[in-house]
Structure formats: C-alpha cells, structure tokens
1. Just to check your reading of the model, which residue among 348, 364 is touching a Leu at 6+ places or on another chain (Cβ under 7 Å) and touching a residue at least 24 places away in the same chain (Cβ under 8 Å)?
2. Going through the range 187-204 one residue at a time, which ones are open to solvent by 80 Å² or more (accessible area, probe 1.4 Å) and either in contact (Cβ under 8 Å) with a residue 12 or more places away in the chain or more than 7 Å from the ligand (Cβ to nearest atom) (or both)?
3. Tell me, which residue of the range 337-371 that is hydrophobic (A, V, I, L, M, F, W, C) and more than 24 Å from the chain's Cα centre (by Cα) is surrounded by the fewest Cβ atoms within 10 Å (Cβ to Cβ)?
4. Considering the range 300-330 alone, what residues qualify as being touching a residue at least 40 places away in the same chain (Cβ under 8 Å), away from the ligand (no atom under 16 Å from the Cβ) and part of a loop (DSSP other than H, G, I, E, B)?
5. Scan the range 335-348 and give yes if some residue there is part of a loop (DSSP other than H, G, I, E, B) and in contact with a Phe, Trp or Tyr (Cβ under 8 Å, 6 or more places away or on another chain), otherwise no.
6. Restricting attention to the range 241-249, does a residue exist that is open to solvent by less than 20 Å² (accessible area, probe 1.4 Å), within 17 Å of residue 35 (Cα to Cα) and assigned to a helix (DSSP H, G or I)?
7. For the range 7-22, give me each residue that is open to solvent by 10 Å² or more (accessible area, probe 1.4 Å) and more than 21 Å from residue 366 (Cβ to Cβ).
8. Go through the range 62-81 residue by residue and tally those that are open to solvent by 10 Å² or more (accessible area, probe 1.4 Å) and over 17 Å from the mean Cα position of the chain (by Cα).
Amino acid sequence: MKTGIDQISFYTSQYFLDLKTLAAARGVEPDKFYVGIGQEKMGIPPPDEDVVTMAASAAFPLKEQGAFEGVEALLFATESGIDQSKAAGMFVHGLLGLPERCRVVELKQACYSATAALRMAMGLVAMKPKSKVLVIASDVARYALGSPGESTQGCGAAAFTVSADPRLLAIDPEAGFYADDVMDFWRPNYLSEALVDGKYSTLVYIKALLESWKQYAAESGRSLNDFSRFCYHIPFTRMAEKAHQKLAKGTSDEELKKVIGESLLYSRSAGNCYSASLYIGLASLLDNAAEDLGGKRIGLYSYGSGCVGEFFSGVVQPGYRDALFAGQHRALLAGRAELTFQQYEDIYNYGLPTDGGDHTFAQYRTGPFRFAGIQGHKRIYGSR
Ligand code: CAA
C-alpha cells in the first residue's frame, strides 16, 4: 500500500518587508540579501496573526474541498509554541470544526518536527488505511533587530493530509536520519526571539545532511541520479543551494537551478517558516515545475537545529496537478501588502502583551481567521 501526502496547502502573512528596505535601513548592500542569502522578502505577522491563525488559514482550503473526511488526528508541528500545556492544534481544531473523534497533539524539535509528524501520520494510516491524518506546521522566525539572523526571518504554515493512495507524493519507506546534541540555534522560554550561532548552524545543517544521505543511500541502494528534484529545509534559499552543492559535488549552476530552483520560489518571498519550510518548498516545487513530475522520485531533507536531520524520498503521483492549490498560493503571495521599515519595527516591537491584562488587537489583514485578543489569560480567536 502506498502512503503519503494527499494534498498540501500553505499560508503566509498578508504583510511583507522587502529585504531591499531592510538593507537600506541597516546600511548593507541589497545584494547581500538578494544574492548572498538568496532572499527577497520576508513575511511579517501583524499582532492579530499567530501560529494558530496561520495554521488554520493554511488548512482552510483543504476543509473547503472536503479533505477532512476520515481525519482521525491533527499533528501540529511548531517551535513557536503559544502555551506550555495546551497544544496550539486544539485552537485550530476548534477554528476548523474538526470532528470530536480526533487525536490532537503538538510536536517540537525545531524545524524537524513536521517530518516527525509525517512519519507518525504514516504509521497511523498504515494501521488503519481508511483513516487520514492532518499535519500542520506553523512558525514565526524571529531574530533580534539588527542581528545577522534578521534578514532570515519570515512566517508561514503548511497543512497537508496524509493518506493511503495519496494523490501527490507516495513516501518511500527508506530514510536516513541523524541526531546530535548541539547548540546551533535555540530559544529559551523567556525570549521571544531565537538565539543562533549562525555560521556553526550552517555547518551542522550540512553535516546532518551528509550523514543522513549516507545512511539513506546504504539502505535504499539509490544514488543521486535516481532523483528528478530535491527539496531542502530552507532557512534561506542560498542555504539549500549550498547544501545541494555539498551533496552533489560538481553540480553546475544550470543543473542546480533545474533540480532545486522551483522548490525555492515561495520561500524566497515568505522567508524562513522553520518547521513549515521544507513543506512550503515541496508545494512550491509541485505548483511550479514546468515538467510533469508524475512518476518521478524526489529527495527531501529535513533539518531541525539542536539537531535532527532526515533524508527521505517520495514518488510524485501521476495526475498530481489536479490536487494542487497552485492558483491560491500564487494569489496569496501576489496580494500581500508591503511594510515600510517603520511599520516593520513597530510590529516587531509590539510583541505579545505579557502583563496578564485583557487586550483587544487592532484588525489587520489576515486570512479567514484572526487572533482577536487576550481575556482572563485566554487567547481569543475568531473568524475575520
Ligand atoms: N553581494 C553578494 N553577496 C554578498 C554581498 C554582496 N554585496 N555581501 C555579502 N555577500 C555574501 C557573503 O559572501 C556570504 O556568502 P557565502 O556564505 O557564500 O560566503 C553571504 O552573502 C552571507 O554573508 P555573511 O556570511 O557575511 O552573512 P552574516 O554572517 O551576516 O549572516 C547567517 C549569515 C549566519 C546565515 C545569518 O543570516 C544567520 O545567522 N541566520 C540564522 C541562522 C540560519 O538560518 N542558519 C541556517 C542553518 S540552521 C537551520 O537551518 C535551522 C533554521 O531554520 C534556523
């Protein structure tokens, strides 16, 4: 029985900062960001948008198509947790009207957790092939103002259903995975922005890739030539390009563009979406590949700082284009509002009130759902 991703939808905030604007404000050459980092824009969430509203907005198109029929679990991957106890997925369960007979849990291991969720989902579906699992990864990438990480911020969510006989991607059983207890990137509970040892993090990302690939190749007997395309975790698009050049040494610029270029299009505009980034890359590839990828195998590399890496693969299913949300994704990115530098800093500094009082948030542009405020220490969500 084939098991894998049946449909995938993504969402990012309705606001972005152009990295040329950031470059001007920070006295940096724009090409450092556009070329050196490979990012053009970063999604910035307004005060009434968070991982819950982005997650629900990402999954809403699936609901509209009746994709929740048979869903028995919602696995919510994030490293931007909103509560120490209650899973963010519970709020999403409510907003989306998911069935009461549904397991809901939150998973964390930096940007890797959505891949752990995918593997767990496949196990649940294998035990009960008529059931489905909804996986949602949602994150806000936030670093200190003026820090080297600032240009690699972003936000977004990816929602996908995992089922038997999937329409998009049948996941292969083979995988290579690697864990090492390192401090390359982390966020203590008392901080709202991540701390990172930037250069070191890029080295660990590559080391985990090479170790994961080595295992995957030994287990599957496949070589790099067996893949039509590759999708990487995308903290910034240049990182994915560098990773592929390390894995497939001697890759020409033309070949690099062919095998990963289409997967980078959405991230170049949304910025880092942590746990969702790899899956936004997958949506970008499937939506934008000019070639029909039906029957072709793609390689995927998931990386979560701290760290866990996993290389795995899947075969794109014939007719997959009929199950995509490509038009909606392109319209979302094209319809966003650009922030001035002052607006960006104001939103950044607004933060989330932590005084324990009641707050009502001003209405900004969001998807179908919004984070309306806080009352009695409870987050209040609603429809737009
Ligand atoms: N034109 C073209 N390129 C330029 C340029 C110009 N005018 N000016 C600089 N560059 C190039 C540099 O040569 C460099 O290229 P190389 O890496 O090929 O040498 C590139 O732009 C970046 O410049 P710096 O190395 O000077 O950049 P920096 O030190 O200021 O910051 C960073 C880079 C360390 C990645 C920083 O953005 C950061 O800390 N980001 C957050 C951490 C991160 O994303 N790590 C990725 C791996 S960890 C992970 O994947 C998990 C996760 O999601 C966080």
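1. 348
2. Selection gives 187, 189, 190, 200, 203.
3. Per the criteria, the residue is 362.
4. Scanning the range 300-330 gives 317, 319, 324, 325.
5. yes
6. Yes, there is a match, as at least one residue in the range 241-249 is open to solvent by less than 20 Å² (accessible area, probe 1.4 Å), within 17 Å of residue 35 (Cα to Cα) and assigned to a helix (DSSP H, G or I).
7. If the condition is that a residue be open to solvent by 10 Å² or more (accessible area, probe 1.4 Å) and more than 21 Å from residue 366 (Cβ to Cβ), then 20, 21 are the ones that fit.
8. 8
The values are calculated or read from the model by the stated rules, or taken from the named source; none is laboratory data. Quick caveat: nothing in here was measured; it's all calculated off a predicted structure. No Cβ is skipped: glycine too gets one built from the backbone with ideal geometry, and neighbour counts run over all protein chains shown. Heavy atoms of the whole protein, side chains included, go into the accessibility calculation; ligands, DNA and RNA do not. Shrake-Rupley method; radii C 1.70, N 1.55, O 1.52, S 1.80 Å.
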